[in-house]
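These notes are about the structure you will find just below.
The values are calculated or read from the model by the stated rules, or taken from the named source; none is laboratory data. These numbers were taken from a predicted model, which means no experiment stands behind them. Quick reminder, even Gly has a Cβ in these numbers, built from the backbone with ideal geometry, and neighbours come from all protein chains shown.
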Amino acid sequence: MNIRIRLSALVLALLSAPLASAATPDAAKTLDYILHAWGTLTRSMDNCASLADPKIEGRPVIYVPAQFAVPADLQRTAKRCNVEVRPLPQVIRELGEVDATKLPEQGLLYLPHPYVVPGGFFNEMYGWDSYFIVLGLLADRHAELARDMTDNALFEVQHYGGVLNANRTYYLSRSQPPFLSAMMAAVLADPASFANADEKHAWLAQAYPLAVRNYEIWTRPEHRAGDTGLARYDDLGNGPVLEAQDSSFYRGVIQWLIAHPAQDPGYLLKASEHPDDAEAARLKTSSCDVRASKVCAGNWVGGYRLTADYYRGDRAMRESGFDTNFHFGPFGGSTHHYAGVGLNSLLYRYELDLRDFARQLGRTADAQRWEAAAAARKAAMDKYLWQPKPGMYRDYDFVAGKPSDAPYLTTFYPLWAGAASPAQARAVRDQLAVFELPGGLSMDNRPSEVQWDAPFGWAPTNWLAIAGLDAYGFHDDARRLAGKFTATVDRSLAEDGTIREKYNMALGNADVKVSAGYSTNVIGFGWTNGVYLKLRQLLDGTAGKDAARPAPLH
């Protein structure tokens with residue numbers, strides 16, 4: 001599907017409006033960039049450029065679901081693009097049923113519809129990125145492409161076990177922050193998404209059981225945060241991630257821990273660089289399989305390797321989307337020890353969305369069940385995550401049995417989800433000074449030199465905080481913060497002509513110097529584009545009430 005490049009209603013409004021902070025020349029340039037970017041970032045299975053994976057060497061391979069009839073157009077694309085089409089080894093019912101380490105090569109997972117990628121080396125459809133991209137597409141009147149992306153996410157649930165980190169085989173063991181129901185709600189609320197009410201109802205009837213199936217990922221034992229009644233992130237694989245082509249990242253983690261022994265939570269393990277068979281056998285359970293993985297074998301510095309629990313936390317950190325941070329331990333290595341505020345807020349809203357979908361389908365018993373699930377989660381959030389003294393929601397370390405002592409921007413997620421009481425929302429709003437900087441909202445107030453900590457800020461977390469504040473009536477705060485973040489994007493684009501993955505909130509530009517973990521500030525960028533359009537709607541007063549927001553609990 002080709003996107004027609006045009007001057008959107010947003011640009012026309014800006015150019016015809018009186019001179020004001022929301023109608024600057026820089027804003028018009030940013031909007032024009034975004035309008036052209038949708039076409040640049042759109043991929044499909046009939047485009048050879050869509051099939052390449054900058055993260056993996058070798059000839060591209062496309063995997064289709066087992067027992068899936070290969071479409072004729074995909075066969076033609078494979079021949080034209082010199083790629084091989086292979087079936088997955090088995091039908092997948094649940095996430096993690098196919099062990100990607102057993103596949104002969106890693107490859108792209110087939111999706112039936114066009115989709116928008118983030119940009120740069122992120123040349124596939126990502127799980128939580130897609131929600132913010134869909135919001136932008138709907139704001140810019142690309143309802144067909146927004147529905148295509150939502151249908152692709154549902155296809156992943158049906159054939160790959162859940163909404164994946166992204167549609168590559170090495171992501172078959174993990175999901176990402178659960179925004180599927182919010183994507184569905186946004187598409188359902190847009191009048192251009194369906195030809196008529198009957199088509200809309202039929203689509204929801206098919207999508208609802210898949211949305212339920214995706215939700216069930218988060219109630220599996222692996223994703224339970226102990227006996228709290230809350231959820232955690234937890235990849236279903238083991239050892240170093242398959243997308244790591246060398247050991248440089250993990251060696252950097254070891255080097256940092258050796259240099260900061262007082263901050264090592266126990267991630268380091270004394271071991272040989274070249275273990276004999278007996279030690280290699282022990283390392284399979286205490287660290288990783290040095291015989292099976294070259295990356296694992298290379299993860300050695302100064303007499304140390306990384307523990308198996310670190311690798312599990314590293315994988316969970318990647319499922320969380322916050323890769324890399326120091327909030328959940330150095331390099332996020334303890335992510336799986338936490339009932340996260342962010343994840344459980346998203347699941348609370350997911351449960352309310354499922355309740356509303358069930359009501360629309362006339363499934364009264366289902367609706368009651370989802371309302372009860374949301375109420376139980378809210379009670380658990382109030383018990384374990386809400387901290388009255390600092391006036392914030394804090395992530396709960398259920399292994400240690402205590403809340404985090406550090407603030408994180410996810411404290412605003414319960415406002416977006418509608419899980420906060422008015423008093424809780426007011427208390428959280430009163431802590432804005434902890435996060436607010438000249439360029440927008442920083443992830444926290446504890447600089448660590450990694451990308452998901454201070455002073456850096458991201459479009460999705462800024463949007464969720466701003467939308468949450470606006471929903472609870474803090475309109476002036478929402479507009480002020482929207483103005484700051486959009487000005488940061490405008491300022492950065494004026495400097496180098498690009499929109500980026502993340503920004504420096506202290507400087508109000510894209511000068512992001514990361515010295516630990518991932519250091520690239522990728523150009524694109526899908527979710528920044530989407531959030532920028534939504535923030536512009538808020539500033540211009542054209543956003544209206546969030547029709548996709550579920551009704552609160554009684």
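What the table shows:
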quantity: Condition broken by V116, with the remaining ones in (1) more than 29 Å from L538 (Cα to Cα); (2) modelled with pLDDT of 95 or more satisfied; calculated: (1)
quantity: Extreme residue, nearest to R318 (Cα to Cα), among residues of segment 212-240 that are buried (at least 21 other Cβ atoms within 10 Å of the Cβ) and hydroxyl-bearing (S, T, Y); calculated: Y233
quantity: Any hit, segment 366-382, residues being outside any helix (DSSP H, G or I) and farther than 22 Å from L210 by Cβ; calculated: no
quantity: Pair list, Cβ < 7 Å and 6+ apart or interchain, from segment 296-318 residues that are under 11 Å from L257 (Cβ atoms) to residues that are acidic (D, E) and in a helix (DSSP H, G or I); calculated: none
quantity: Helices (runs of 4 or more DSSP H) contained in segment 459-554 and holding at least 3 residues of a type in the set (S, T, N, Q); calculated: 475-496, 526-540
quantity: Residue in segment 442-453 that is surrounded by 22 or more Cβ atoms within 10 Å (Cβ to Cβ), within 22 Å of the chain's Cα centre (by Cα) and not in a loop (DSSP other than H, G, I, E, B) present; calculated: no
quantity: Number of the exception - P221 against (1) of a type outside the set (A, V, I, L, M); (2) touching a strand residue (DSSP E or B) at 6+ places or on another chain (Cβ under 8 Å); (3) more than 21 Å from G136 (Cβ to Cβ); calculated: (2)
quantity: Number of the condition not met by M505 [criteria: (1) of a type in the set (A, V, I, L, M, F, W, C); (2) crowded, with 21+ Cβ neighbours inside 10 Å; (3) out of contact with any strand residue (DSSP E or B) (no Cβ under 6 Å at 6 or more places or on another chain)]; calculated: (3)
quantity: Scope segment 384-407; condition among the charged types (D, E, K, R) and without any contact (Cβ under 8 Å) to a residue 12 or more places away in the chain; matching residues; calculated: K389, K402, D405
quantity: Matching residues in segment 45-59 - criterion: being over 23 Å from the mean Cα position of the chain (by Cα) and outside any loop (DSSP other than H, G, I, E, B); calculated: C48, A49
quantity: Some residue of segment 411-420 being touching a Pro at 6+ places or on another chain (Cβ under 6 Å) and part of a loop (DSSP other than H, G, I, E, B); calculated: yes
quantity: Candidates L306, L283, L347, L354, filtered to the one that is over 30 Å from T410 (Cα atoms), buried (at least 19 other Cβ atoms within 10 Å of the Cβ) and either at pLDDT below 95 or among the hydrophobic types (A, V, I, L, M, F, W, C) (or both); calculated: L283
quantity: D140 vs. criteria surrounded by fewer than 24 Cβ atoms within 10 Å (Cβ to Cβ), at pLDDT 95 or above, under 19 Å from D46 (Cα atoms) and assigned by TED's automatic domain parsing to the domain that holds Y208; calculated: no
quantity: Conditions (1) among the charged types (D, E, K, R); (2) at pLDDT below 95; (3) touching a Ser or Thr at 6+ places or on another chain (Cβ under 8 Å); number of the one not met by K545; calculated: (3)
